[in-house]
There are 2 protein chains.
Amino acid sequence: MSANAKITHFKTHDIRFPTSLTGDGTDAMNTDCDYSSAYISLYTDSPDKSLVGHGMTFTIGRGNDIVCAAIAEVANRLVGKNLEELFSDMGKTWDYLLADSQLRWIGPEKGVIHIATGAVDNALWDLFAKSRKKPLWKLIVDMSPEELVRSTAFRYITDAITPEEALEMLKAKQAGKAGREAKVREVGYPAYVTSAGWLGYDDEKIARLTREAVHAGFNHFKMKVGADIENDLRRGRLIRSIIDDPAEQRRPAPDPASIIGKNAGPTGAVLMIDANQVWDVPQAIEYVKGLESIKPWFIEEPTAPDDILGHAAVRRALAPYGIGVATGEHAHNRMVFKQLLQAEAIDVCQIDSCRLAGVSEVLSVLLMAAKFGVPVCPHAGGVGLCEYVIHLSLIDYIAVSGTMERNVLEFVDHLHEHFLHPCSINSQGRYNVPNKSEEGYSIEMYEESIAAYEWPGGSYWQKRAAEGK
Amino acid sequence: MSANAKITHFKTHDIRFPTSLTGDGTDAMNTDCDYSSAYISLYTDSPDKSLVGHGMTFTIGRGNDIVCAAIAEVANRLVGKNLEELFSDMGKTWDYLLADSQLRWIGPEKGVIHIATGAVDNALWDLFAKSRKKPLWKLIVDMSPEELVRSTAFRYITDAITPEEALEMLKAKQAGKAGREAKVREVGYPAYVTSAGWLGYDDEKIARLTREAVHAGFNHFKMKVGADIENDLRRGRLIRSIIDDPAEQRRPAPDPASIIGKNAGPTGAVLMIDANQVWDVPQAIEYVKGLESIKPWFIEEPTAPDDILGHAAVRRALAPYGIGVATGEHAHNRMVFKQLLQAEAIDVCQIDSCRLAGVSEVLSVLLMAAKFGVPVCPHAGGVGLCEYVIHLSLIDYIAVSGTMERNVLEFVDHLHEHFLHPCSINSQGRYNVPNKSEEGYSIEMYEESIAAYEWPGGSYWQKRAAEGK
């Protein structure tokens with residue numbers, strides 16, 4: 001590409017998939033979801049016509065148009081900007097994206113404007129990686145510690161981590177990077193499945209999907225809880241009866257070092273539970289104590305995502321029962337993660353590639369989690385999230401934390417067919433590493449998918465409308 | 001009105017005032033603001049044609065259209081609903097407004113969707129008060145403790161206050177309500193001014209406006225800080241030289257009981273400083289120590305509004321210097337206030353009538369602040385905020401906390417001329433009580449103002465466009 005290439009214009013797309021028809025994605029809070037993508041493409045005047053950056057954030061339906069409108073406001077700030085200047089200091093570029101004080105007011109750094117900023121920042125990182133002909137994860141792990149620190153958002157977190165500390169941490173990890181990269185390319189990145197655990201599924205479907213997941217090599221399984229404790233216990237025992245059964249296993253027993261403290265059963269299988277914010281703090285504590293018998297590793301999102309002190313209280317109360325606390329998919333910015341870590345509120349840090357404002361803010365959280373010694377297990381599922389997060393976990397493992405087996409990355413087998421470079425799982429139930437040919441951040445959708453599912457004018461939705469639905 | 005009256009439809013208006021032309025509202029974070037209102041009118045089929053509910057949230061310009069789009073999504077939920085059913089349990093109605101799980105995802109309970117919900121909830125309370133032919137404050141202070149508790153949002157805060165505790169607190173305040181109402185009608189509600197302290201003003205203007213404020217009877221003054229410490233010290237000394245000068249006073253010295261702990265000068269005058277979130281935590285502590293000589297009562301918004309633990313750290317560090325911490329205008333929901341109180345992070349609780357999701361969530365915070373013994377000094381200024389908050393402070397004083405002199409309510413003399421029932425200040429620099437003829441929540445704008453300042457089609461903006469600006 002030319003050193004003078006600029007961003008010339010952008011397009012947004014409001015893309016919605018009719019997942020509410022199948023019960024996929026149902027939990028105690030979210031009873032009908034139409035998985036949606038607020039999608040942006042950044043166009044350039046590069047001589048290489050294929051140099052287009054794609055990004056998105058994820059929603060579950062209504063309001064996706066509002067997010068697209070916010071994306072357009074943020075993306076306007078990039079039109080006419082020189083690519084190499086933007087790429088030369090991605091932390092400064094991130095600060096610039098957030099620096100419109102009028103738009104800041106309707107956040108600040110939260111909700112619609114923040115997830116919209118995430119879509120734009122993600123698209124810019126996609127463009128950056130494509131311009132270097134590398135997958136996003138590889139672009140970042142190949143950075144010097146100095147460049148990685150420069151690419152990170154530090155405002156408001158320097159009481160927890162300074163750029164100087166981050167630099168020292170990254171330098172200490174330099175020597176092992178090549179070895180870790182080779183290892184993860186060989187074995188893949190550990191994953192867990194949520195596909196079997198949705199509230200909307202009946203027992204037969206849960207058993208079938210759980211068995212399929214065990215046979216596919218998974219040994220971490222998550223189920224949704226919180227609507228009814230007897231139902232939760234029944235479903236939990238059903239899942240446990242399958243994942244704990246040595247006869248069902250098609251893989252070697254896992255390394256015990258990777259399952260310490262995870263409430264693993266006799267096969268090394270681990271069960272996690274997720275309440276999606278349905279409880280107040282005292283309720284959360286009482287309810288989850290009642291689920292002790294199914295031995296969950298952690299309770300995810302026991303209460304409001306803003307309630308740092310509440311999560312800390314739940315964690316203290318459940319520690320004697322061997323149940324940890326995880327949260328983060330709705331933690332809206334790096335300041336919330338900073339406090340979750342400072343308050344010792346979480347055992348597991350669940351970043352979201354689309355809730356945080358893009359890669360630069362994700363780097364802040366990866367660095368803080370590494371400093372505080374808390375494993376990062378990103379949130380995925382939805383649409384596009386699995387494609388994104390494998391990149392983030394690879395960055396975490398290779399360049400930042402240096403650990404992988406204590407971490408697991410969510411996998412849900414939905415909607416991957418719409419992406420040019422879908423994520424994939426190997427025969428051991430682990431994510432494959434996006435390879436050299438997959439330049440960028442793996443989020444580009446097929447034009448046919450956009451044409452079908454764009455709301456409300458796409459061919460799918462027009463057909464539904466014509467049928468009177 | 002008829003018992004069968006329903007909400008038939010609504011209209012939204014994106015109204016923007018060109019305040020960036022004058023430097024009004026400039027601070028260290030917000031360098032150009034076009035004070036804006038995302039405004040909604042709820043129409044009914046009541047035989048009384050004038051029964052229309054008006055509500056708004058406040059922004060500073062770009063993005064106001066995005067908020068209006070979100071308001072429409074939330075208001076859609078009310079169309080066709082019976083008014084008396086909505087009014088019979090305003091807490092349940094509030095839960096219903098927030099219960100669209102798809103819209104919840106793009107918050108949850110924060111940012112664009114939450115302030116939009118605030119505009120709608122405010123409009124509904126306006127309608128409720130008008131249907132009872134009372135000002136909003138009077139509607140609420142006349143409620144039984146049971147009805148007030150029923151009208152309050154309790155989800156996610158029961159670890160700090162339960163409905164039962166709230167009921168006991170309100171019952172204990174019942175006996176004194178009539179006396180407090182009579183007293184505040186007579187003397188007015190205490191206020192402070194920010195008008196002189198904007199960063200964009202030169203020293204001559206600061207001195208003139210400060211003198212005018214002293215002569216108008218005010219004795220609490222706020223100035224913006226954070227761009228340059230020498231400049232802040234010079235402006236602080238200038239303001240102090242006027243407000244501490246006995247010769248400038250036109251009012252009796254205040255009751256010493258009302259100024260205890262406020263770093264008051266020889267005339268009882270109090271200075272507050274406001275940084276509008278410009279610092280990281282360590283910076284905030286060092287910078288504010290450097291302003292000790294101008295004796296501020298508190299530093300407002302020293303860092304990110306989400307940083308509860310950061311505010312607590314700043315408060316601990318500044319306590320030896322006699323400087324308190326205030327925050328809340330950007331605290332995005334009751335869970336943030338809950339934690340600010342639990343963590344002992346604030347000396348003063350600054351609710352915002354438009355950042356919280358309307359009256360029901362404001363009641364949650366008033367009850368928690370009263371329980372924790374922290375005075376509530378609402379944020380105002382902007383456009384419409386002063387009109388709103390006098391109602392909220394009256395509810396706090398008469399029905400909830402029972403105290404007034406330790407609290408002060410922000411007053412900024414901007415843009416009141418656009419409202420049918422503008423707030424007003426008496427000769428002692430105190431807010432007048434909205435009287436019986438001012439039914440509702442005082443936020444209805446003149447049709448002429450809407451026609452002139454609606455963006456981008458209003459006559460003012462069309463004229464600007466025609467002039468090529």
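The values are calculated or read from the model by the stated rules, or taken from the named source; none is laboratory data. Note that the structure is predicted; figures quoted are calculated from it, not measured. Please note: Cβ atoms are built from the backbone with ideal geometry, for glycine as well, and neighbour counts cover all protein chains shown.
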Subject >> Residues located in region B:337-359, provided they are surrounded by 24 or more Cβ atoms within 10 Å (Cβ to Cβ), within 13 Å of another protein chain (Cβ to nearest Cβ), aliphatic (A, V, I, L, M) and part of a helix (DSSP H, G or I) >> reply: B:340
Subject >> Cβ pairs under 9 Å, 6+ apart, first in region B:158-183 and over 16 Å from residue B:142 (Cα atoms), second acidic (Asp, Glu) >> reply: B:158/A:280; B:159/A:280; B:159/A:307
Original post:
Taking region A:366-391, which residues are within 30 Å of residue A:196 (Cα to Cα) and within 14 Å of another protein chain (Cβ to nearest Cβ)?
Top reply: A:379, A:381, A:382, A:383, A:385
**OP:** Check off (1) more than 7 Å from chain B (Cβ to nearest Cβ); (2) surrounded by 20 or more Cβ atoms within 10 Å (Cβ to Cβ) for residue A:45 and give me the number that stays unchecked.
**Re:** (2)
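Of B:191, B:153, which residue is touching a Phe, Trp or Tyr at 6+ places or on another chain (Cβ under 6 Å) and within 14 Å of another protein chain (Cβ to nearest Cβ)? I'd like the intermediate steps shown before the answer.
Details: B:191 fails: within 14 Å of another protein chain (Cβ to nearest Cβ).
Within the list B:191, B:153, the selection yields B:153.
What number of residues in region A:316-334 are farther than 15 Å from residue A:262 by Cβ and part of a helix (DSSP H, G or I)? Don't jump to the end; show me each part of the working.
Pass one, region A:316-334, residues farther than 15 Å from residue A:262 by Cβ: A:316-317, A:320, A:327-334.
Still in the list and also part of a helix (DSSP H, G or I): A:316-317, A:320, A:334.
So the count comes out to 4.
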Original post:
If you take the residues in region B:266-286 that are out of contact with any Pro (no Cβ under 7 Å at 6 or more places or on another chain) and within 14 Å of chain A (Cβ to nearest Cβ), which one is nearest to residue B:248 (Cα to Cα)?
Top reply: B:276
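Table: residues versus (1) more than 27 Å from residue B:108 (Cβ to Cβ); (2) modelled with pLDDT under 95; (3) within 10 Å of chain A (Cβ to nearest Cβ).
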| site | (1), (2), (3) |
| --- | --- |
| B:7 | no, no, no |
| B:18 | yes, yes, no |
| B:56 | no, no, no |
| B:72 | no, no, yes |
| B:81 | no, no, no |
Original post:
With (1) closer than 22 Å to residue A:451 by Cβ; (2) within 14 Å of chain B (Cβ to nearest Cβ); (3) touching a helix residue (DSSP H, G or I) at 6+ places or on another chain (Cβ under 7 Å) as the list, and residue A:68 as the residue in question, which single condition is left unmet?
Top reply: (3)
Subject >> Test: residue in region A:125-132 that is assigned to a helix (DSSP H, G or I), surrounded by fewer than 24 Cβ atoms within 10 Å (Cβ to Cβ) and out of contact with any Leu (no Cβ under 8 Å at 6 or more places or on another chain) >> reply: no
**OP:** Name, by its number, the condition in (1) in contact (Cβ under 8 Å) with a residue 60 or more places away in the chain; (2) over 28 Å from residue B:238 (Cα atoms); (3) away from every other protein chain (no Cβ under 14 Å); (4) within 17 Å of the chain's Cα centre (by Cα) that does not hold for residue B:362.
**Re:** (1)
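Residues are listed down the side, and each one gets a yes or a no for (1) in contact (Cβ under 8 Å) with a residue 12 or more places away in the chain; (2) under 24 Å from residue B:138 (Cα atoms); (3) surrounded by 23 or more Cβ atoms within 10 Å (Cβ to Cβ); (4) touching a strand residue (DSSP E or B) at 6+ places or on another chain (Cβ under 6 Å):
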residue: B:393; (1), (2), (3), (4): yes, yes, yes, yes
residue: B:421; (1), (2), (3), (4): yes, yes, no, no
residue: B:448; (1), (2), (3), (4): no, no, no, no
residue: B:453; (1), (2), (3), (4): yes, no, yes, yes
residue: B:463; (1), (2), (3), (4): no, no, no, no
Original post:
Residues that are closer than 30 Å to residue A:250 by Cβ: which helices (runs of 4 or more DSSP H) entirely in region A:153-239 hold 2 or more of them?
Top reply: A:177-187, A:203-215
Original post:
Just checking, which of A:231, A:263, A:219 is of a type in the set (S, T, N, Q), within 23 Å of residue A:425 (Cβ to Cβ) and either free of Cβ contacts under 8 Å to residues at least 40 places away in the same chain or more than 14 Å from chain B (Cβ to nearest Cβ) (or both)?
Top reply: A:219
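Restricting to region B:291-314, name every residue that is within 14 Å of chain A (Cβ to nearest Cβ) and of a type outside the set (Asp, Glu).
Quick first cut of region B:291-314, residues within 14 Å of chain A (Cβ to nearest Cβ) only: B:301-314.
Those that are within 14 Å of chain A (Cβ to nearest Cβ) and of a type outside the set (Asp, Glu): B:302, B:303, B:304, B:305, B:308, B:309, B:310, B:311, B:312, B:313, B:314.
Every residue, every condition in (1) under 18 Å from residue B:115 (Cα atoms); (2) outside any helix (DSSP H, G or I); (3) not assigned by TED's automatic domain parsing to the domain that holds residue B:254, yes or no:
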| residue | (1), (2), (3) |
| --- | --- |
| B:374 | no, yes, no |
| B:381 | yes, yes, no |
| B:389 | yes, no, no |
| B:393 | no, no, no |
| B:423 | no, yes, no |
| B:427 | no, yes, no |
**OP:** Hey, can you tell me all the residues within region A:327-384 that are closer than 24 Å to residue A:150 by Cβ and of a type in the set (S, T, N, Q)?
**Re:** A:333, A:353, A:360, A:364
Original post:
Given the residues A:237, A:208, which is the only one that is closer than 16 Å to residue A:271 by Cα, surrounded by fewer than 22 Cβ atoms within 10 Å (Cβ to Cβ) and outside the structural domain of residue A:88 (by TED's automatic domain parsing)?
Top reply: A:237
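This table checks each residue for (1) part of a loop (DSSP other than H, G, I, E, B); (2) surrounded by 20 or more Cβ atoms within 10 Å (Cβ to Cβ); (3) of a type outside the set (Val, Ile, Thr).
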| residue | (1), (2), (3) |
| --- | --- |
| A:253 | yes, no, yes |
| A:273 | no, yes, no |
| A:282 | no, no, yes |
| A:286 | no, no, yes |
| A:304 | yes, yes, yes |
| A:310 | no, yes, yes |
| A:314 | no, yes, no |
Original post:
Within region A:162-174, is there a residue that is buried (at least 24 other Cβ atoms within 10 Å of the Cβ), among the β-branched types (Val, Ile, Thr) and within 14 Å of another protein chain (Cβ to nearest Cβ)?
Top reply: no
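Of all residues in region B:99-136, which are of a type in the set (Phe, Trp, Tyr) and more than 14 Å from chain A (Cβ to nearest Cβ)?
Here is the first cut: in region B:99-136, the residues of a type in the set (Phe, Trp, Tyr) are B:105, B:125, B:128.
Selection gives B:125, B:128.
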Subject >> Breaking point among (1) within 11 Å of chain B (Cβ to nearest Cβ); (2) within 30 Å of residue B:38 (Cα to Cα), for residue A:96 >> reply: (1)
Subject >> Residue among A:55, A:61 that is touching a strand residue (DSSP E or B) at 6+ places or on another chain (Cβ under 7 Å), within 30 Å of residue B:98 (Cβ to Cβ), surrounded by 24 or more Cβ atoms within 10 Å (Cβ to Cβ) and among the small types (Gly, Ala, Ser) >> reply: A:55
Subject >> Hits in region A:82-105 (condition: basic (Lys, Arg) and either assigned to a loop (DSSP other than H, G, I, E, B) or farther than 28 Å from residue B:16 by Cα (or both)) >> reply: A:92
